[in-house]
Amino acid sequence: MIRIYRALLRLYPSSFRQEFADEMTAIFTQRGAGSGMLRRLGLLLAAVPEVLANAAPLHWELLRQDLAYTVRSLRRAPLFAATVVIVTALGVGANTAAFSVADFVLVQPLPFRDPESVVRLCAGPREGGGWGCNNLLAPAAYRDYKEQTSSFEVLGAFARGAVNLVGGSEPLRLAATQLTPEVFPALGVPPLLGSFVGGGAGAAPDARTAVLSYGLWQTRFGGDPGVLGRTVSLDGEPHVVVGVMPQTFYFPTRDVQLWTPLVVAEEAFGDPFNNYLEAVGRLREAVTFEEAATDLSGVLERLRRDRPDVYEQLAARDQGGVSFFRIGDEYSPRFRLMLQALVGASLCILVLACANLANLMLARAGARERELAVRAALGAGKERLIRQMITENAALVLVGGAAGVLVGVVGVPLLALLVPPTLPIASRPGIDLRVLAVAAFFTALTGLGFGLAPALRAGGRAALGALRTGVRSSGGPQRGYRAALVSVQVAASVVLLVSCGLLVRAVLRVQAVDPGFRSEGVLTLQTVLPKPEYLSLASREPFYREVLTRVRALPGVEAAAYTSGLPMVMTGGITQVVLPGQEVRPGGENNVSRRYVTPQLFAAFGVPLLAGRDLEDSDAQDSANVAVVSESFARRYWPANQAVGQSFLFQNRLHTVVGVVGDMKVRGLERVSEPQMYLPASGVPEGFISAYDLKDLVIRASVPPTSLLPAVRGVIRDVDPEQPISDVRTLSELLASQTAPRRAQVRVLAALAVVALLLAGVGIHGLLAFTVAQRQREIGVRLALGAEPAGIARRVAWDGVRLVLIGAVPGLLVAYWAAHSIRSMLFGVPRADPATIGVAVGLCVFTALIGASVPALRAVRVSPLTVIQAE
Amino acid sequence: MRTHDNAVQAKLPLPPATFHILVALSAGDRHGYGIIQDVEARTEGALRLSAGTLYRTIQRLLDEGLIMEPPKSSAPREDPRRRYYRITKLGTAVVRADAERLAQMVSLAKGAGLLAGAS
């Protein structure tokens, strides 16, 4: 019983306990003396609230004293306080931001019901670099898969596109997606208002309906709940609004604002190569993803066996069939890697911040040894000093942590720029509180752990020594720890610098890739002609002719042309061609990129004409099928320089090559592009699907291209006042967007690397300053004995450089490993790129020299006289 | 002794526990349990100090110089192992001033007819 009471007394502050615990125990014993067990138990129970009530104000009083003392002592060391706060803030903030974004994108389930069961299906492989689907499904193939598989609760199809929304001020071009009635149920998200397009699976969809995104509902319709039942004009067709989706719903990508029913015309099933669909489905309950994949590949095999005419060809074009994946794996593996690299970098910063904190605390411990020794000598108990230290460090770390939250709040939106818009999630992740807690825990642990060192030493004998001699006696072991900590910082910096350097090299390498066109001075914009108003080729032709004629007449315009797709924007449109008498070979060997264009396109793009001639307006009228092909196309099928005049089969019709032009990187700078084939606009397939319609206007100008925009807008308005203009950009912007994610990532990494370098520099400086101060006497004696000041300065500087070299070795090893894990982002830059490693280590040495300069100067200025007099 | 008066006045009014502890010590040196028993007897069991409250108050009174710990040898003790406390001159002045303050307030209340036995 007494023991329990004594244990209870431990709730009091130790100073109070030491003073009065014995007396209080005696009173407890006396009170309970001679009474029964039950009464003593009652006394003990009554003591619990009493102890709590009395201990709390005692603790509070001590905390108040300690905080007041903390404020006083930190006011004397503002630089130290500021550094601790900044280091903590960076460590906590960078990690919170990086992990919040990574968690939001990589870990959090997508906002669909049971997202693990939602799967996607499209044609062609998803390339190793992770670029999503290569190709789309034809309606016939989609129907075959849907009918013959048994793993799906529902399987629906959708087609990405855009519509012109007319009404209101300006005609608006919106990203829209057409979907079959199965798609919304497959995703399992109920509408906010109204119902789904088509009224659910099974029912025949009414093509004249539309479902709005929350964003469109808010911006265009003011969030009016009465929007249901209203009619909007999409591509000139009236559509009734039947539903509004919730704010968190995005599909298939973030920018889609409108959904309309997808109605596949019966004749579309007739052409197994007319592919424009993607599929999304929900797995049946108790069917695993793997079982569904097996089911699907079984169906594919059977189809290839039963209908080789279609499915062998499809397999050849799509390089082996279909891609089947969970919707959560939709974003590219590249992107996952990018975020993982970011997380790794922020972990480096955390290690660095902790090492730096430890170092700062140890340095301060050295500086305060005397002060603490004095307080200990004046009767302050060891526990009391420890308590004081804890309060002091906790206060610092708390302020730093709060600042870290701010850094995180600022950092998350910046890092969120790395989230590509092609994900079905919101663009703005929030701060993750769990992450914040973990980062705060580590920094607090470091701060407190190392902050306690001086108080622990204060009670020891060394402290008494410090008091007696008046000399900072902390010696070898502490310097050893600190040197190790500095080396850790250098190592972390080297990792960041090398990784960042490799990625910078990769960006430069990507930027150095020749896109095949000259991007300067080119304006591009899109006019998608709505159907059915412009359903027939004949109805569209006057629009293009009129616009091109008038744009070419504008002052400053050198060339203008329409194309069915810009390079790097429209990466699909893959078709197969063969030479007469040959078979399609498997493995995509006959794949070419197919574009319909008007004359002057090559002049507008600045693509060289290597042989033959450009397409001409007369080609469109001639019944003969002609084509311009790219150099790689010509090389694939014919001996050098003999392509012009040769023929090939495309869609079972003979086409004659009239010209050869340079290759363009149609798939993007970092990908292998198919050879290109350019056909006259008269060949565009008829129908509602507009993938091959002419829509991109390309204008090369001798004046700044954007200055032409008002005039071009005027021309288009004159030709058709209801025609919206979208996707206005220069070709240079388009090219820059190719490397935008890389550059964003490099910027973030570079910022972290600079921070790391700065912290490491501070660490090196701190350690050397400490060493010099400690060796003052030795240096003084040496100088008195005739040592060269320059030699002493060199020694101090060498100390700094040595720290760098020691840290660089493990740093380089980790960097080599890190580079291995991001190798797919390096675009062929070697992991052990000597230039990058050289620059990284060089920067560290340079930082070390700067950090060493002040201590070295101080060492040289040591006056032998003063030091020896002090003895 | 203007400053002394000020020092005394600054400590008023005393919290009840403090008042009772000082009153108990006015009668002579006591150890902790002795104080508790004395207060309990004087108040006829109405106030029973807990050990925590007692020593928290004692710590403060020691800090403020209202009581002191007499040297061990200064007086004979019934239990020499226990710690005894003694009221200081300042402590006596403070508790007296508080008692006077209370008396004044009592007579004010009586004058207003709030208390039985009004004079």
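Worth pointing out:
- Members of the stretch A:831-862 found to be part of a loop (DSSP other than H, G, I, E, B) and over 23 Å from the mean Cα position of the chain (by Cα), listed by number: A:ALA832, A:ASP833, A:ARG861, A:VAL862
- If you go through the stretch B:53-66 and keep only what is within 14 Å of chain A (Cβ to nearest Cβ), buried (at least 21 other Cβ atoms within 10 Å of the Cβ) and either assigned to a strand (DSSP E or B) or of a type in the set (A, V, I, L, M, F, W, C) (or both), you end up with B:LEU54, B:ILE58, B:LEU61.
Residue by residue, here is whether (1) surrounded by 14 or more Cβ atoms within 10 Å (Cβ to Cβ); (2) closer than 30 Å to B:ARG48 by Cα holds:
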site	(1), (2)
A:ALA33	no, yes
A:GLY36	no, yes
A:VAL51	yes, yes
A:LEU62	yes, yes
A:PHE80	yes, no
A:ALA94	yes, no
A:ASP103	yes, no
A:PRO115	yes, no
A:ALA140	yes, no
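- A:GLU778 of a type in the set (Asp, Glu), open to solvent by 40 Å² or more (accessible area, probe 1.4 Å) and farther than 26 Å from A:LEU485 by Cα: no
- With respect to the conditions (1) under 24 Å from B:TYR55 (Cα atoms); (2) under 52 Å from the mean Cα position of the chain (by Cα); (3) open to solvent by 60 Å² or more (accessible area, probe 1.4 Å), A:PRO109 lacks only one, and its number is (1).
- Of the listed requirements (1) open to solvent by 20 Å² or more (accessible area, probe 1.4 Å); (2) at pLDDT 90 or above, B:LEU22 misses just one: (1).
- In the stretch B:56-67, the residues that are closer than 17 Å to A:ALA21 by Cβ form Cβ pairs under 9 Å with partners that are part of a helix (DSSP H, G or I) and aromatic (Phe, Trp, Tyr), at six or more places apart or across chains, as follows: B:ARG56/A:PHE16; B:ARG56/A:PHE20; B:ILE58/A:PHE20; B:GLN59/A:PHE16; B:GLN59/A:PHE20.
- Selected residue (criterion: farthest from B:ASP63 (Cα to Cα)) from residues of the stretch A:5-31 that are surrounded by 13 or more Cβ atoms within 10 Å (Cβ to Cβ) and aliphatic (A, V, I, L, M): A:LEU8
- In the stretch A:799-826, residue farthest from the chain's Cα centre (by Cα) [restricted to those that are open to solvent by 60 Å² or more (accessible area, probe 1.4 Å) and more than 17 Å from A:LEU757 (Cα to Cα)]: A:LEU813
- A:ILE764 satisfies every condition listed in (1) modelled with pLDDT under 80; (2) crowded, with 16+ Cβ neighbours inside 10 Å except (1).
- Annotation: B:ALA7 fulfils all but one of (1) in a helix (DSSP H, G or I); (2) at pLDDT 85 or above; (3) over 23 Å from A:SER14 (Cα atoms); (4) open to solvent by 30 Å² or more (accessible area, probe 1.4 Å); the unmet one is (2).
- Looking across the stretch A:260-277, just one residue is in a helix (DSSP H, G or I) and open to solvent by less than 30 Å² (accessible area, probe 1.4 Å), and that is A:ALA268.
- Of the helices (runs of 4 or more DSSP H) contained entirely in the stretch A:10-105, those carrying at least 1 residues that are more than 22 Å from B:ARG83 (Cβ to Cβ) and more than 14 Å from chain B (Cβ to nearest Cβ) fall at A:37-76, A:78-102.
- Restricting A:LEU467, A:LEU485, A:LEU496 to residues that are open to solvent by less than 50 Å² (accessible area, probe 1.4 Å), farther than 16 Å from A:VAL754 by Cα and either at pLDDT below 80 or in contact with a helix residue (DSSP H, G or I) (Cβ under 6 Å, 6 or more places away or on another chain) (or both) narrows the list to A:LEU485.
- Residue count, the stretch A:637-669 (criterion: out of contact with any Ser or Thr (no Cβ under 9 Å at 6 or more places or on another chain) and either touching a residue at least 40 places away in the same chain (Cβ under 8 Å) or on the phi > 0 side of the Ramachandran plot (or both)): 6
- Residue in the stretch A:845-866 that is of a type in the set (Gly, Ala, Ser) and surrounded by fewer than 16 Cβ atoms within 10 Å (Cβ to Cβ) present: yes
- From A:ALA286, A:ALA293, residue being surrounded by fewer than 17 Cβ atoms within 10 Å (Cβ to Cβ), at positive phi and at pLDDT 85 or above: A:ALA286
- Strands (runs of 3 or more DSSP E) contained entirely in the stretch A:160-259, each with at least 2 residues that are out of contact with any helix residue (DSSP H, G or I) (no Cβ under 9 Å at 6 or more places or on another chain), modelled with pLDDT of 80 or more and not hydroxyl-bearing (Ser, Thr, Tyr): A:172-179, A:237-244
- A:VAL280 vs. criteria assigned to a strand (DSSP E or B) and within 16 Å of A:GLU147 (Cα to Cα): yes
The values are calculated or read from the model by the stated rules, or taken from the named source; none is laboratory data. Please read all numbers here as calculations on a predicted model, not as lab measurements. Don't worry about glycine lacking a Cβ; one is built from the backbone with ideal geometry, like all the others, and counts go over all protein chains shown. The accessibility values were calculated without ligands, DNA or RNA, using every heavy atom of the protein model including side chains. Shrake-Rupley method; radii C 1.70, N 1.55, O 1.52, S 1.80 Å.
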